[in-house]
Amino acid sequence: MDNRMESLKNIWQDSRSKESGDATGTGRIIEMANEKMKRAVRMQWSTILILTITLAVIGAYFICGIQLNETISRVGAVMMTAGLAIRIIIELFSIYLASKIDPGETALKNTRAALVYHRFRKVINGPVTLVIIIFYSLGFYMLTPAFNQIFSRPVLVLIDLSYILIAFIFIGFVRKTIKKEMIILQEIVHIQQDLIDDRP
């Protein structure tokens, strides 16, 4: 957990320990919660950028760089590109949900928005991401007949084996990013709940 999160916790504890409500302290808490939300949204925009570049490169390769004569290879190409496109749309929808969250808004309305967003991201970062990775990987291996026309057998085997290593590295990166995001979102939800508990 980073220093900003620790600072937020300290401010919050100081604010709660006072007998009367401290508008300044609450304002700082809301401001820091907003910063956390902006950080989560920036991570999503980064994901969108990476996925869009990947989709553009892969799409261009499928259109200009390789002949997809076999049906299985065409299906594989669709699975790979569709998985990326779906994830981009999901990330855009997540950013839309995030725009509905405002720590300074009415407590009940805002907490509901934060909980909806948090639950949505948990589903997206869990089973949905896993399914997309599986479909993408199956799609990649369904391109083997097309690759077989371009590469020699040893190179083809090397490509297929190296994808496993790349997939593990990518999954590790995704898990690390997801863990960071979920920590941020859980802290935001806790702050929202504390703001509700402390309001008359």
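The values are calculated or read from the model by the stated rules, or taken from the named source; none is laboratory data. All of these numbers come straight from a predicted model, not from anything done at the bench. Don't worry about glycine lacking a Cβ; one is built from the backbone with ideal geometry, like all the others, and counts go over all protein chains shown.
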Exercise. Pairs under 7 Å by beta carbon, first residue surrounded by 14 or more Cβ atoms within 10 Å (Cβ to Cβ) in segment 141-160, partner not in a helix (DSSP H, G or I), six or more apart or different chains?
Worked result: Pro145/Glu70; Ala146/Ile66; Ala146/Gln67; Ala146/Leu68; Ala146/Glu70; Ile159/Phe151
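Could you look through segment 19-29, keep only residues that are surrounded by fewer than 18 Cβ atoms within 10 Å (Cβ to Cβ) and not basic (Lys, Arg), and pick out the one that is modelled with the highest pLDDT?
Our first condition is that a residue be surrounded by fewer than 18 Cβ atoms within 10 Å (Cβ to Cβ); within segment 19-29, this holds for 19-25, 27-28.
This time we only want the ones that are not basic (Lys, Arg), so: 19-25, 27.
Numbers: Glu19: 42, Ser20: 43, Gly21: 48, Asp22: 51, Ala23: 49, Thr24: 51, Gly25: 52, Gly27: 63.
Filtering segment 19-29 for residues that are surrounded by fewer than 18 Cβ atoms within 10 Å (Cβ to Cβ) and not basic (Lys, Arg), the one modelled with the highest pLDDT comes out as Gly27.
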For this session: Return the pairs, sorted by first residue and then second, in which the second residue is surrounded by 17 or more Cβ atoms within 10 Å (Cβ to Cβ) and at pLDDT 90 or above, the first residue lies in segment 122-137 and is of a type in the set (A, V, I, L, M), the beta carbons are less than 6 Å apart, and the residues are 6+ apart or on different chains.
Result: Ile124/Ile90; Ile132/Gly83; Ile132/Arg87
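Quick check, is Val128 assigned to a helix (DSSP H, G or I), modelled with pLDDT of 85 or more and surrounded by 14 or more Cβ atoms within 10 Å (Cβ to Cβ)? Even if it seems obvious, please write down each step before you answer.
On the way: assigned to a helix (DSSP H, G or I): yes; modelled with pLDDT of 85 or more: yes; surrounded by 14 or more Cβ atoms within 10 Å (Cβ to Cβ): yes.
Yes.
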For this session: Being over 19 Å from Val131 (Cα atoms) and either touching a Lys or Arg at 6+ places or on another chain (Cβ under 9 Å) or crowded, with 17+ Cβ neighbours inside 10 Å (or both) is the filter here, so list the residues in segment 59-87 that pass it.
Result: Phe62, Leu68, Ser73
Problem set entry | Every residue from segment 150-200 that is in a loop (DSSP other than H, G, I, E, B) and either modelled with pLDDT under 70 or closer than 26 Å to Pro127 by Cα (or both) | Arg199, Pro200
For this session: For Leu49, work out the one condition from (1) touching a Gly at 6+ places or on another chain (Cβ under 9 Å); (2) closer than 22 Å to Glu181 by Cα; (3) at pLDDT 80 or above it doesn't fulfil.
Result: (1)
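Is it true that Arg4 is among the charged types (D, E, K, R), part of a helix (DSSP H, G or I), at pLDDT 90 or above and more than 24 Å from Thr129 (Cβ to Cβ)?
No: the conditions fail for Arg4.
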